[in-house]
Amino acid sequence: MAFAWRAMDAFYEEDQRILGHAADVYHRIDIRPASRDLEVRDGDRLVARSSHPTVLYESGFAPRWYVPRDDVDQSALTPVEAQTFCPYKGLASYYDIGDSAKAAWSYRDAYAEVAAVSDMVSFEPDRVAVSLDGKRLEPEPGQGVVSHGIDRGLDADEPQHP
């Protein structure tokens, strides 16, 4: 059986409307606080520095590091109108950093199950320099997925970030 997501008016699991697509019941997310040093740079500009980032481990993806907004130079983030949907975390908002398009994202109002990363900011290591304990993070092959954004304002052709 297959669902034509874009042809549906709405999709429900019990009484809850599901945006995008249904979640995989075998998909797992673990979120842990860390006391490691994370630094983000766009060229010479320091964008973020945190000694207490949060790491999100998600089935099939590289660990994603989230930084509290207080540890981010907000003037470095330029909001982008496009959003993507994650059935596990909610709506992601994106930011350009300098000339790097969609170099950061945030779940401004993440689902209750992942509230620990709500309104924190994560960064794309292939678009800006992200270092953890002095070692630069590199993108891992096969970590991108295509989003299934089907609601207002969602951009279904952009990569979705776990």
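The values are calculated or read from the model by the stated rules, or taken from the named source; none is laboratory data. This structure is a prediction, so every number in the text was calculated from the model and none was measured. With ideal geometry, Cβ positions are generated from the backbone for all residues, glycine too; neighbour counts draw on all protein chains shown. Please note that ligands, DNA and RNA were not included when accessible areas were found on the heavy atoms of the full protein model with its side chains. Shrake-Rupley method; radii C 1.70, N 1.55, O 1.52, S 1.80 Å.
Using the alpha-carbon centroid of each, what span in Å lies between region 80-110 and region 1-67?
10
How do R64, R41, R28 rank by accessible surface area computed with a 1.4 Å probe, from largest to smallest? Before the final figure, lay out the partial values.
On the way: R64 30, R41 70, R28 140 Å².
So the residues, ranked largest to smallest area, are R28, R41, R64.
Just add up the charged neighbours of D30: K/R +1, D/E -1, any other residue whose Cβ is under 14 Å from the Cβ of D30.
On the way: positive: R28, R32, R64, K89; negative: E58, E113.
So the surrounding residues net to +2.
What accessible surface, in Å², does a 1.4 Å probe find on F11, ignoring ligands, DNA and RNA and rounding to the nearest 10?
Ignoring ligands and nucleic acids, F11 comes out at about 40 Å².
In region 1-117, how does Rg compare with the Kirkwood Rh, expressed as the Rg/Rh ratio over alpha carbon atoms? Please report the intermediate quantities before stating the final value.
Details: Rg = 16.4 Å, Rh = 16.1 Å.
Reported Rg/Rh, Kirkwood definition of Rh: 1.02.
Kindly sort L56, L91 by accessible area of their heavy atoms, largest first, with the probe set to 1.4 Å. List each step's numbers first, then the result.
Details: L56 0, L91 70 Å².
If we order L56, L91 from most to least accessible, we get L91, L56.
Any chance you could look up the accessible area of Y57 with a 1.4 Å probe, heavy atoms only, rounded to 10 Å²?
Here the accessible area works out near 100 Å².
Taking only C-alpha pairs under 8 Å that are 6+ residues apart, what is the relative contact order of region 1-123 in percent?
On the way: 227 pairs, mean separation 21.9, N = 123.
Dividing the mean separation by the residue count of region 1-123 yields 18 percent.
At 0.36 nm per residue, and after removing the present C-alpha to C-alpha distance, how many nm does the segment from D133 to I18 gain when stretched out fully? Provide the component values of the computation, followed by the final result.
Values: separation 115, 0.36 × 115 = 41.40 nm, distance 3.86 nm.
In short, 37.5 nm is gained.
Once the whole set of protein chains is in place, how much accessible area is left on H27, using a 1.4 Å probe, in Å² to the nearest 10?
My reading of the accessible area for H27 is about 50 Å².
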